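Engineer: Following this message is one structure expressed as structure tokens.
The values are calculated or read from the model by the stated rules, or taken from the named source; none is laboratory data. Computed from a predicted structure; not experimentally measured. Glycine also receives a Cβ, built like all others from the backbone with ideal geometry; neighbour counts cover every protein chain displayed. Just so you know, the surface numbers come from the protein's heavy atoms only, side chains and all, with ligands and any DNA or RNA stripped out. Shrake-Rupley method; radii C 1.70, N 1.55, O 1.52, S 1.80 Å.
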Amino acid sequence: QVQLVESGGGLVQPGGSLRLSCAASATIFSSNTMGWYRQAPGKERELVATINRDFRTNYADPVKGRFTMSRDNAKKTVYMQMNSLKSEDTAVYYCWMTRNDMDYWGKGTLVTVSY
């Protein structure tokens with residue numbers, strides 16, 4: 001049973017920063033590709049960033065240059081540093097892991113960018 005637990009969401013003003021964390025309970029972590037998705041109100045869930053076993057990252061165009069994803073295999077945790085936040089970044093952010101062709105999801109953490 002794999003569990004993903006996100007933390008770090010909250011209310012931040014435009015231009016501000018937040019750091020999201022996702023802790024995994026998976027016995028094997030370092031070989032898994034991890035990612036962050038988000039879902040804004042009234043919109044479909046979209047991919048934000050991924051990081052693979054070789055620490056290679058990919059980002060969606062709207063967040064390139066502002067968001068940075070990283071992983072700490074010893075802590076079985078992935079992070080996403082979000083800078084220069086915009087109102088359009090407001091969404092529930094979900095942690096994702098793929099392993100043996102199965103997808104696992106966290107319950108999400110809400111990020112609200114507003115004055």
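Engineer: With the full set of protein chains in place, find how many percent of the accessible area of segment 16-91 is carbon and sulfur; take the probe as 1.4 Å.
Structural biologist: Solvent-exposed carbon and sulfur of segment 16-91 make up 45 percent of the total.
Engineer: Can you pull out the GluC sites (Glu not before Pro) in segment 10-115 whose DSSP state is coil and whose Cβ has at most 11 other Cβ atoms within 10 Å?
Structural biologist: Sites meeting the loop and neighbour criteria: GLU44.
Engineer: Can you list residues whose amide H is under 5 Å from VAL48's amide H, if they're 5+ apart or on another chain and H is modeled 1.01 Å from N?
Structural biologist: Under 5 Å from the amide H of VAL48: TRP36, TYR37, ARG38.
Engineer: Using θ = phi - 60° and the Karplus relation 6.51 cos²θ - 1.76 cosθ + 1.60, list the HN-Hα couplings for segment 64-69 in order, rounded to whole Hz, with x at every Gly or Pro.
Structural biologist: 4, x, 10, 10, 9, 9
Engineer: For segment 1-59, would you read off the P(r) tail past 14 Å as a percentage of all alpha carbon pairs?
Structural biologist: 68 percent
Engineer: Here's a follow-up. Of all alpha-carbon pairs in the chain, indicate the percentage at a distance above 22 angstrom.
Structural biologist: Working: 1696 of 6555 pairs.
Cα-Cα pairs of the chain separated by over 22 Å account for 26 percent.
Engineer: Also, I was wondering about something else. How much accessible area per residue does the chain have, counting only protein heavy atoms and a probe of 1.4 Å, in square angstrom? Working shown, then result.
Structural biologist: Working: 6430 Å² over 115 residues.
Solvent-accessible surface per residue comes out at 56 Å².
Engineer: Let me ask another. Using only alpha-carbon positions, what ratio does the radius of gyration of segment 67-115 give when scaled by 2.2 N^0.38 Å?
Structural biologist: Rounded to two decimals, the normalised Rg is 1.35.
Engineer: Something else now. Which whole-Hz ³J(HN,Hα) couplings does segment 36-49 yield from phi under the Karplus relation 6.51 cos²θ - 1.76 cosθ + 1.60, θ = phi - 60°, glycine and proline marked x?
Structural biologist: Rounded to whole hertz, the list is 10, 10, 9, 9, 8, x, x, 10, 7, 5, 10, 6, 9, 7.
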